[in-house]
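Participant: One structure, pasted below without further comment.
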Amino acid sequence: MSYLLSIATLKGKNGGALCKLVDYLIRSCSYKSTREGTTSTRFFLYDRNAKPVASHQVEFAQIYPQAGWVEHDPLVILDTVKVCIQKTCEKARAEGISIDGNVKAIGITNQRETTVVWRKSTGLPLYNAIVWMDARTSSICRRLEKELPEGRLQFVKSAGLPISTYFSAMKLIWLLESVPVVKSAIEEGDALFGTVETWLIWNLTRKLTDGQDVPQGGVHVTDCANAARTLLMDLSTLQWHEPTLKRLGIPSTILPRIVSNAEYIGDVAEGWPLAGVPIAGCIGDQHAAVLGQKCKKGEAKSTYGTGCFILMNTGETLVSSKHGLLTTISFKLGPHAPTHYALEGSIAIAGAAVQWLRDTLGIIDSAREIEALANSVENTGGLYFVPAFNGLFAPWWRDDARGVLIGISRFTSKAHVARAVLESLCFQAKDVLSSMQSDASSNTSEFVLRVDGGASANNLMLQLQADLLGSTVIRPADIETTARGAAYVAGLTIGWWTEQQIFEDISLSVTRDGHPEAKVTTFHPRIGKDEREKRHALWCKAVQRSFGLAGLS
């Protein structure tokens with residue numbers, strides 16, 4: 001059997017993946033995928049038909065030093081990756097799957113934008129990782145908007161992105177200006193920058209110098225999809241944009257080399273499980289989901305994790321948005337393959353709002369309980385919830401927004417609050433998708449939304465999404481499409497699959513015994529246009545009430 005391994009660090013429950021391809025000595029083939037995200041790391045073992053046969057997940061701590069600040073410990077992330085690999089291999093062996101010596105490649109997918117700076121000489125982080133949703137850089141953004149000739153849109157032509165707290169460049173500027181040890185390490189030539197996939201790859205591929213305890217640096221790379229989220233890469237050339245670096249005062253010497261999503265990067269070093277296995281692919285989590293959902297040109301997917309991330313594949317055409325969306329990469333499946341682009345709408349708070357109900361308010365004991373609680377009432381009772389905990393992303397782009405819960409009366413119950421939270425996810429997705437369809441000149445009457453991510457297991461939420469969107473929503477049998485996308489890029493590199501097989505071949509949609517996989521679940525709208533528009537108009541009023549409230553915190 002052949003197997004493929006995939007590691008994923010997740011945005012919520014659906015973030016990135018570090019995939020390992022395992023070659024078995026028997027007929028059935030499989031791979032492993034590790035996924036590194038905002039709240040957890042996962043590791044998957046897939047078979048040759050891209051079906052998961054073993055996995056393990058470990059959550060890691062969220063660090064909140066101040067209101068609006070979110071950090072991770074980079075060393076803890078590394079520990080969770082190692083544990084996930086070991087545990088998945090143990091589970092596979094318990095099922096009679098022989099791992100040792102049979103892994104052929106690794107693919108990585110990860111939470112994007114999260115920023116790490118570490119010492120090249122020691123490999124130790126110079127500061128905690130600043131997470132993608134962190135809002136501490138708002139004052140830097142305002143300053144740059146005033147200083148730069150084109151204000152907030154200064155870098156849209158090159159990077160496809162506005163100035164925002166969301167992107168890595170702003171976090172890197174904050175580290176340069178606010179953490180003396182970071183500035184001095186850069187001046188000494190002893191600092192490296194990367195997002196999470198870069199941090200993982202550098203550590204997974206670094207070796208110890210013979211006879212010494214001083215670590216030798218690993219491979220310092222990022223993939224074009226992750227690089228597209230820094231604000232520093234030119235979307236046309238897929239290289240760091242020198243004028244941007246100069247304007248922002250970021251030295252090119254600390255930046256990783258940019259590679260495609262599907263190519264050989266380096267081998268796993270001694271001291272890690274499965275040492276010697278090549279890392280053969282890397283792709284940001286949301287781009288991995290586009291691939292995992294097999295989205296062709298004109299098709300869109302929505303991943304519901306900690307946040308909600310919606311991407312539409314625009315093919316080889318760079319499409320500029322007139323509605324506050326981002327232009328970014330879909331994927332580049334090899335060094336010489338064409339680049340596929342995308343329109344993206346990013347929503348900061350989706351599943352995180354459910355976690356807030358559980359962990360902060362104590363309204364539910366587990367995330368799964370929200371569906372039954374919300375289903376116990378027929379509607380929200382006039383309640384609207386805007387989860388602008390750290391501002392609003394697309395299409396509003398208001399970092400001065402803060403969360404509001406309006407329409408409260410004596411009639412309001414915790415069930416109404418739960419339902420309003422679920423509706424908030426769907427309203428935000430509708431705002432993004434309406435803008436996306438307009439930018440891409442999409443025919444809304446024929447539009448179909450493909451969904452995945454942990455929160456997409458909630459049937460009520462997906463029915464609400466279909467109702468408020470007015471379009472069909474399709475959920476695949478396996479919602480771990482991000483990890484699967486990471487496996488695909490690794491499989492492409494080593495020749496396991498062709499691009500045509502991934503997008504067309506039914507052989508990648510069968511179970512281990514050769515039978516077709518479980519059918520997708522489809523949700524159709526159940527409410528009319530008038531009701532949909534009325535509810536959306538009230539939602540927009542609630543969103544406007546959230547503006548200008550940053551001073552409250």
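The values are calculated or read from the model by the stated rules, or taken from the named source; none is laboratory data. Quick caveat, the model's predicted, so the values are computed rather than measured. Backbone-built Cβ (ideal geometry, glycine too); neighbour counts: all protein chains shown. Remember, those area values only see protein heavy atoms, side chains included, never the ligands or the DNA or RNA. Shrake-Rupley method; radii C 1.70, N 1.55, O 1.52, S 1.80 Å.
Participant: What ³J(HN,Hα) values, in whole Hz, does the Karplus curve 6.51 cos²θ - 1.76 cosθ + 1.60 give for segment 108-117 when θ = phi - 60°, with x put for Gly and Pro?
Facilitator: So the Karplus estimates, Gly and Pro as x, are 10, 9, 7, 4, 8, 6, 4, 10, 10, 10 Hz.
Participant: State in Å² the accessible area per residue of segment 89-193; use a 1.4 Å probe, count heavy atoms of protein chains only, and round to the nearest integer. Don't skip to the answer; put the middle values down first.
Facilitator: Numbers: 3840 Å² over 105 residues.
Accessible area per residue: 37 Å².
Participant: What percent does the relative contact order of the chain come to when contacts are Cα pairs within less than 8 Å and at least six residues apart? The partial results should precede the final answer.
Facilitator: Working: 1482 pairs, mean separation 82.7, N = 553.
Averaging sequence separation for qualifying contacts and normalising by length gives 15 percent for the chain.
Participant: Of T253, V386, Q57, which is farthest towards the positive pole of the chain's charge dipole, taken about the Cα centre with +1 and -1 on the beta-carbons of Lys, Arg and Asp, Glu respectively?
Facilitator: About the Cα centre, the residue reaching furthest to the positive side is V386.
Participant: What are the lysines whose alpha-carbon lies under 25 Å from the alpha-carbon of K541, with same-chain residues fewer than 8 places away excluded?
Facilitator: K322, K414, K430, K529
Participant: With a cut-off of 8 Å between alpha carbons and a minimum separation of six or more residues, what is the relative contact order of segment 104-179 in percent? Mind dumping the intermediate values first?
Facilitator: Values: 80 pairs, mean separation 21.1, N = 76.
Taking the mean separation of contacting Cα pairs over the length of segment 104-179, I get 28 percent.
Participant: Give me the percent of DSSP beta bridges within the chain that run antiparallel, rounded to the nearest 5.
Facilitator: Working: 69 of 92 bridges.
Counting only bridges with both partners in the chain, antiparallel ones make up about 75 percent.
Participant: With just the Cα atoms defining each centre, how far is segment 397-432 from segment 319-368? Give it in Å.
Facilitator: 18
Participant: Ok, one more. Work out the length of the dipole vector of the chain about its Cα centre, built from +1 on the beta-carbon of each Lys and Arg and -1 on the beta-carbon of each Asp and Glu, and round it to the nearest 20 debye.
Facilitator: Numbers: 57 positive and 55 negative charges, 185 e Å.
Value, rounded to 20: 900 debye.
Participant: OK, next. In Å and whole numbers, how far do the C-alpha atoms of segment 358-460 stretch along each principal axis, longest first?
Facilitator: If we take the Cα atoms of segment 358-460, the spans are 44, 32, 24 Å.
Participant: Which lysines, if any, have their Cα less than 22 Å from the Cα of K87, not counting same-chain residues under 8 positions apart?
Facilitator: The reachable lysines, counting only those whose Cα sits under 22 Å from K87, are K11, K13, K20, K32, K51, K104.
Participant: Here's another thing I want to ask about it. Identify, among V156, G96, T114, the residue whose Cα sits farthest towards the positive end of the charge dipole of segment 65-189, taking +1 on the Cβ of Lys and Arg and -1 on the Cβ of Asp and Glu, with the dipole about the Cα centre.
Facilitator: The residue sitting farthest along the positive end of the dipole is V156.
Participant: Next question, about the same structure. Roll a 1.4 Å probe over the protein chains and send me the accessible area per residue for segment 254-360 in Å².
Facilitator: Details: 3010 Å² over 107 residues.
Dividing the accessible area of segment 254-360 by its residue count gives 28 Å².
Participant: While we're on this one: When a/c is below 1.5 the answer is rounded, else prolate if a/b is larger than b/c, else oblate, so apply that to the chain with a ≥ b ≥ c taken from the square roots of the Cα gyration tensor eigenvalues. Kindly include the intermediate steps, with their values, before the conclusion.
Facilitator: Values: a/c = 1.56, a/b = 1.17, b/c = 1.33.
Oblate.
Participant: About the Cα centre, and with charges only on the beta carbon of Lys, Arg (+1) and Asp, Glu (-1), how big is the dipole of segment 356-423? Nearest 20 debye, please. Spell out each step's value before the answer.
Facilitator: Numbers: 7 positive and 8 negative charges, 32 e Å.
In total the dipole reaches around 160 debye.
Participant: Once the dipole of the chain is set up with Lys and Arg at +1 and Asp and Glu at -1 on Cβ about the Cα centre, which of W497, G217, S435 lies farthest towards its positive end?
Facilitator: S435
Participant: Over the chain, what percent of the accessible surface lies on carbon and sulfur atoms, probe 1.4 Å?
Facilitator: On the way: 10300 of 20460 Å².
Carbon and sulfur: 50 percent of the exposed surface of the chain.
Participant: Going by amide H atoms built from the backbone, whose H comes under 5 Å of the H on D134, apart from near neighbours?
Facilitator: Long-range HN contacts for D134: V70.
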